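The values are calculated or read from the model by the stated rules, or taken from the named source; none is laboratory data. Everything numeric in this text was worked out from a predicted model, so none of it was measured. Glycine gets a Cβ as well: all are built from the backbone with ideal geometry, and neighbour counts include every protein chain shown.
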Amino acid sequence: MILKKKFVKREIMGDCILVPIGQNEFNGLITLNNMASFIWDNIESSKDEEDLLQKILDEYEVEREVANADLDEFLQTLKDADII
């Protein structure tokens, strides 16, 4: 999967956030929970959503439907912000 905009992931006061860098029209920050942080770390190395879902299932003890719903929600957030 390809990211359209550049961000760095930072931990600030115990919260994991995405901070836009460079020529980025995105104004704001995105706060990540543990699952979203894992997805972000693996998004570019995944060939598609199914590959990313399998990485989540390999990492976490979670039902496929729950992982898929969490993945869909986070990816939609990134799509809405035109990040992917």
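So the values come out like this:
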{"read-out": "Hey, Met35 touching a helix residue (DSSP H, G or I) at 6+ places or on another chain (Cβ under 8 Å) and modelled with pLDDT under 90 or not", "value": "no"}
{"read-out": "Strands (runs of 3 or more DSSP E) (entirely within the chain) containing at least 1 residues that are exposed (fewer than 11 other Cβ atoms within 10 Å of the Cβ)", "value": "7-12"}
{"read-out": "Matching residues, the range 20-54, being more than 11 Å from the chain's Cα centre (by Cα) and farther than 22 Å from Lys5 by Cβ", "value": "Glu50, Leu53, Gln54"}
